[in-house]
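Contents: one structure, followed by commentary.
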4 protein chains.
Amino acid sequence: MKKLNIGLIGYGFMGRAHSNAYLSVGRFFDLKYQPVLKAVAARNPEKIKQFADKWEFQSYHDDWRQLVNDAEIDVVDIASPNDTHAEIAIAAAQAGKMILCEKPLARNLQEAQRMVDAAQKAGVRTMVWYNYRRIPAVAFARQLIASGKLGRIFHYRAKFLQDWTMSPDLPQGGAALWRLDADVAGSGVTGDLLAHCIDTAIWLNGEMDSVSAMTEIFIKERKHNLTGKTEKIGIEDASAFLARFKNGSLATFEATRFARGHKALYTLEVNGQNGSLAWDLHDLHRLQWFDHRDEGVLRGWRSVHVTDGDHPYMANWWVPGLAIGYEHSFIHQVADFVNSIDEKAPAEPTFESAMQTEKVVHAVLESAQSGKWEKAS
Amino acid sequence: MKKLNIGLIGYGFMGRAHSNAYLSVGRFFDLKYQPVLKAVAARNPEKIKQFADKWEFQSYHDDWRQLVNDAEIDVVDIASPNDTHAEIAIAAAQAGKMILCEKPLARNLQEAQRMVDAAQKAGVRTMVWYNYRRIPAVAFARQLIASGKLGRIFHYRAKFLQDWTMSPDLPQGGAALWRLDADVAGSGVTGDLLAHCIDTAIWLNGEMDSVSAMTEIFIKERKHNLTGKTEKIGIEDASAFLARFKNGSLATFEATRFARGHKALYTLEVNGQNGSLAWDLHDLHRLQWFDHRDEGVLRGWRSVHVTDGDHPYMANWWVPGLAIGYEHSFIHQVADFVNSIDEKAPAEPTFESAMQTEKVVHAVLESAQSGKWEKAS
Amino acid sequence: MKKLNIGLIGYGFMGRAHSNAYLSVGRFFDLKYQPVLKAVAARNPEKIKQFADKWEFQSYHDDWRQLVNDAEIDVVDIASPNDTHAEIAIAAAQAGKMILCEKPLARNLQEAQRMVDAAQKAGVRTMVWYNYRRIPAVAFARQLIASGKLGRIFHYRAKFLQDWTMSPDLPQGGAALWRLDADVAGSGVTGDLLAHCIDTAIWLNGEMDSVSAMTEIFIKERKHNLTGKTEKIGIEDASAFLARFKNGSLATFEATRFARGHKALYTLEVNGQNGSLAWDLHDLHRLQWFDHRDEGVLRGWRSVHVTDGDHPYMANWWVPGLAIGYEHSFIHQVADFVNSIDEKAPAEPTFESAMQTEKVVHAVLESAQSGKWEKAS
Amino acid sequence: MKKLNIGLIGYGFMGRAHSNAYLSVGRFFDLKYQPVLKAVAARNPEKIKQFADKWEFQSYHDDWRQLVNDAEIDVVDIASPNDTHAEIAIAAAQAGKMILCEKPLARNLQEAQRMVDAAQKAGVRTMVWYNYRRIPAVAFARQLIASGKLGRIFHYRAKFLQDWTMSPDLPQGGAALWRLDADVAGSGVTGDLLAHCIDTAIWLNGEMDSVSAMTEIFIKERKHNLTGKTEKIGIEDASAFLARFKNGSLATFEATRFARGHKALYTLEVNGQNGSLAWDLHDLHRLQWFDHRDEGVLRGWRSVHVTDGDHPYMANWWVPGLAIGYEHSFIHQVADFVNSIDEKAPAEPTFESAMQTEKVVHAVLESAQSGKWEKAS
């Protein structure tokens, strides 16, 4: 089988998830290219060596430029903090590499646009790691909607609720907590969590027309890990918005890190003329389904255990009733990417299509400032 | 409308539930007879007066014989402890009254048989308060099974789990705790809780052939409220049995008062060739339904909110989505009884049909002693 | 016991719920006044006679003025459509009656204010039937929040989802469908459903500062039952809004009659510093509770079956584990009202306090027009 | 790091699960030995080559004896059908290999005893793949019970419900369906499914004293894939039993392949004096927990999402809220085995401790024949 040489940048949570996906995918999926862990790069020389050893990368670098400029690398995979995405992606495009990039695409719309432009100019394949599209239950939801089973869509709702930053003693910044540092992250829950909700929503329900949003910083100052001083917090703890989709449906979206009792509760629900569906990340192997065409007295929400062989991706795993987990969404995304390389249609979302999500994120942050409805596409 | 004069014996938990049913039923159901709270009887003169006042009974007695012999009484309703059922029922039969009796029919099979004989000899209408048959979701389960939707039945399971007697400091006996006094109750959880499970099971799945059982008394002695002394406990805290139904299906049954965390968790599940259903008393307004004929990828347990107008009994209540509660099962039973009086087919279960449950209860207690399978019908 | 003579106006869904409450309350609660079904009034002479017979009202009228001017009536209970509230309430106030009124208080803020003014001028007791406050689980939620167990509140969310008007063939107007007729109802789901959510929210979390809303009419025209012609629909099918509470918490609210699969799914969730709670009307006997002070590894959402004797109102009902239903919220409200009559503090919400909800409803409808944030108090 | 050379026999469902575990474990766990996929063996030369390629085994054999006698192999892992376990295990013991064996240990008690004897004689390390012990929620249940949090145990219940053999058209025998062939499997659901339930039960609640069981074959004949003829079915479709544990608690167990609507629903519940817990395989990342020491009004079953860093095994995976799946239980078991090699205490269950489960399986099958209670240890 042909090899696909991966160059990974970043060794954090996402670095592990991607590495695991590259290593596992070939055992469970028929691939046209076998990913190879060719090189990994990050700033901390000691940590990157440890990581490379653990995951058996063939080489490692403390400067991502070395990796990007390595002629043997086919794919540059950007799993480093948001403030590095644009620079790396543009360099990778210029080097003619395929580019995989963690979400959100960038810290803001301008950066993201530059990335898209560079990739288009270079004519390279791109993909953004909106991994939740590849949870089997979510992919199945997409199939149901695309098949017309729900009919006209009236409502969409999504939330992403966490509670991990509620302590005022939690500092900001540095390797572990860059998500709380506005300079690095760009935005708070809007780019981090809502971006996932928005990506899925657009995939399932089409583009949004306009939004009205509010954001809030509940804890205004935190110690900064890099400066050691208490500094103002620049990223929002909570973000919620109303939306009108172009198909005429209404939506509510919300993300927060201040919802006590929820760890990573990404939920979505879609209500259509003939049926409705709902899903949540805490029980990611289930899809809730309501079919109005069921016999009247027997109508009810069905809890579908999305583990059968005819559910998306599941024929590649175990037997009905046995669940897979979070990490498998990355494996599926690698499988789809690898097998799309020689196809005309790219694996989605590309940088270009991810711009739709970036535009909504931008509109949400704008609306929270302006107090007005803002165009979202 | 014609009146139906009720004479109630007992003013406890069941006395209240029955009285409420008689008073409410006419507001919500079209009746052929309007129940009238004619008289109530119990031993404690002060308490029975209070109760009669509260519920506006027209008269009260401290001797049930006065009530049974009152010519104006049409129906004698026995809601007093188990040790009184046989004597009152036989007297009521001899007085030519219709008889409603709380479950279990009696303390043991012999007493129950005498009650059946007396009622048959007198030719009077009878009914036993196995009220759970009239929970809409349970009545709906019966409709589904009777319609053949499940096909051949393979499995039946039922449990009734409580935890209210777990403290060793809880005494036995007296007005409040007669259920722990073997002389009064006859048996423990077998007659009190399993009897409900068995009645529903026979109604849904037909007669049982044989059972293998075990029982246990976890706390062997408790203070007796009547003697003031610590006395041996004669009733079982827990009872479980395997059963084979005559239709070839297998079953497990269990009841206990030592299942920490469960208040009154009566659950049942039926697995058939084409479908399965499940129900529990803690969420009594829902029926879980699985239909194998659903499209493969969309199969899942449906949570049916049994509150629509075309669900059993529900057209008489509110609007879809709005739940009724426990007490309504008694109202439904009164409605069914009252409207059956002039019909050939009696409202079920009559004393005679309740004997099937008594026989299983008897076989369970026998098997727990013998260590063998015992015939159950 | 002293009597309290009730004069009810309206015999629909709410007329039944109120009548049942008056009749039942005295059996289960200790009352200072016993409600008496003195008179009932409505326009249709035949139907009101039937209703009066069924519920044993002592008299009936086809003109509500007769009832309001009857010297024997103590309480005028308005359960007729929204367009009648103001006129009746003002007349009742002028006649010196206590007034109970169905929600929403009126069709719009102006009417509502006139009702408040009239009641204040007359110095009469008032109460609005926001019955969901008296669901035991909701009343318990209030106790928990008031006790400080949740700490500072960060988020509130509520939804009221239905699907009963989704068919374009459903007409508007007339006795059964006045809720779809703008002239009668005033607004659509905002006044009908969101008003409930708003009332509970203010009760649990205090006043709102401002809102940003959107509304939609999915089906623009329906046949009108009174004219027989297809006419424009004036009431909104869906309504959603963002809110900021005065305590600094953020909220999302949504109501719709186009959420396929939901009958009357009123849900609420509150996230605080130390704990969170959630409730829904489809399983109204449960409160979901998360306590951050639980031991770390054992933290989880608790499903509390709100049926114990020490839960609000439940000592008056059955035994732990046995659920009550929707109708009981009205019984509780009557109990609270009746026992407040001789107290300084009125049973809530009075007309005056219900104005807070009216103001939010008004602001929501305004914001949906203006596209801006509007002040809500 | 030291290497541990694995020789795997079998390439089916379990062969994949084990291979994946060996490959993944070192990325997520700190190991004392790194497993190496040295060799794999199975009868079908073509398939075993394909499998070896896919999983990158260093060599493959079509005769397991070659593998067992390969001096470089440290561990023989038996993932082939039940009828091969004894012969292979005994040969592996004689060759001085560590032995890992799929469950059930053997087709019957006699075979199992010979395996234990051989391993003891050879003094080799052994382990049986009762993988469900290593689901984090189940391991956590064990910690809770061991810590005394539940207090005295009164009840244990377990079920394993499937529906995959309900069609009479499903044949028996051959590579895919050996579980329906009595000669190969030994028993039906008792050895296949109940064995899992029994293993966990003994681990959590200690040994059983005695059992009373029933079994049933619902479909008596099926076409045999090897002979092409319709042949009698020798394995039971359903098996249920009552049990008394040595600690005085009572239990019910049931397994079936005829429970329509359940794919692999292994459930367990334990009721103790102070608390109860429940778990099911369909939502394997959750543990239900009830604590009687919670404040009275706030008692409820907690749904614990067992994904926090301080839950068993979870610090090695992702972040709180993100679930792992079925396959991870095998990874955990490999980690435990590998890290126990140099320790005195072996990773459980060894062949010897798995004999407790074999004895219960034996007693269940005996009791189903005898109709009597049988000793289970």
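Where a number appears in this text, it was derived from the coordinates with a stated rule and is not lab data. Because the structure is predicted, anything quoted here is derived from the model rather than measured. Methodologically, a virtual Cβ is constructed for each residue, glycine included, from the backbone with ideal geometry; neighbour enumeration extends over all protein chains shown.
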What are the aspartates and glutamates whose alpha-carbon lies under 20 Å from the alpha-carbon of C:LYS372, with same-chain residues fewer than 8 places away excluded?
A:ASP209, A:GLU216, A:GLU254, A:GLU366, A:GLU374, C:GLU207, C:ASP209, C:GLU216, C:GLU236, C:GLU254, C:GLU358
Out of the range C:240-337, which trypsin sites (Lys or Arg not before Pro) are coil in DSSP terms and have no more than 15 other C-beta atoms within 10 Å?
C:LYS246, C:ARG293
Under the definition of Cα pairs under 8 Å and six or more residues apart, what whole-number percent is the relative contact order of chain A?
20 percent
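Looking at chain A, send over the antiparallel percent of its DSSP beta bridges, to the nearest 5.
60 percent
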What does DSSP give for the protein assembly as shown in terms of the percent of beta bridges that are antiparallel, rounded to the nearest 5?
60 percent
Each label point is 7 Å from the Cα along the Cα-to-Cβ direction; what then is the distance between the points at D:GLN50 and C:ILE341, in nm?
8.4 nm
Going by the rotation axis that takes chain C to chain B, pick out the residue of C with the closest C-beta and quote the gap in whole Å.
C:GLY325, 2
Treating the point 7 Å from Cα along Cα-beta-carbon as the label, what are the nm separations from A:GLN58 to the other copies, to one decimal?
2.1, 9.7, 9.9
Alpha carbon centroid spacing (whole Å) that separates the range D:296-375 from the range D:8-76:
24 Å
If you find the alpha carbon centre of the range A:189-243 and of the range D:257-292, how far apart are they in angstrom?
37 Å
Can you compute the charge dipole magnitude of the protein assembly as shown about its Cα centre, using +1 on each Lys and Arg Cβ and -1 on each Asp and Glu Cβ, nothing else charged? Give it in debye, rounded to the nearest 20.
0 debye
Which whole-number percentage describes the relative contact order of the range B:2-131, with Cα contacts under 8 Å and a sequence gap of 6 or more?
23 percent
Given A:LYS2/D:LYS54; B:LYS54/C:LYS32; A:LYS159/C:LYS263; A:LYS103/A:LYS220; A:LYS263/A:LYS359, the pairs whose alpha carbons are separated by over 19 Å:
A:LYS159/C:LYS263; A:LYS103/A:LYS220; A:LYS263/A:LYS359
About its Cα centre, how strong a charge dipole does the range B:2-131 have in debye, to the nearest 20, once Lys and Arg get +1 and Asp and Glu get -1 at the Cβ?
280 debye
Divide by every residue of the protein assembly as shown the summed helix terms, -39500 (n - 2.57) for each DSSP H run of at least 4, and state the resulting mean residue ellipticity at 222 nm, rounded to the nearest 500 deg cm²/dmol.
-9500 deg cm²/dmol
Most fluctuating of C:ASP77, C:ASP63, C:ASP169 in the GNM of chain C (C-alpha, under 10 Å) is C:ASP169
Please report D:TYR313, D:TYR132 as a ranked list, fewest other C-beta atoms within 10 angstrom at the top and most at the bottom.
D:TYR313, D:TYR132
For chain A, size of Cβ-based charge dipole, Lys and Arg +1, Asp and Glu -1, in debye
280 debye
Put in order of increasing Cβ neighbours within 10 Å, starting from the fewest, A:GLU87, D:GLU236, D:GLU111 give A:GLU87, D:GLU111, D:GLU236
By the C-alpha gyration tensor axes a ≥ b ≥ c (rounded if a/c is under 1.5, else prolate when a/b exceeds b/c, else oblate), the shape of the protein assembly as shown is oblate
Overall form of the range A:133-375 per C-alpha gyration tensor (a/c, 1.5; a/b vs b/c)
prolate
The exposure ranking of B:LYS159, C:LYS375, C:LYS149, A:LYS103, fewest beta-carbon neighbours within 10 Å first, is C:LYS375, C:LYS149, A:LYS103, B:LYS159
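Normalised by the number of residues in the range D:229-377, what is the relative contact order in percent for Cα pairs under 8 Å and 6+ residues apart?
It rounds to 10 percent for the range D:229-377.
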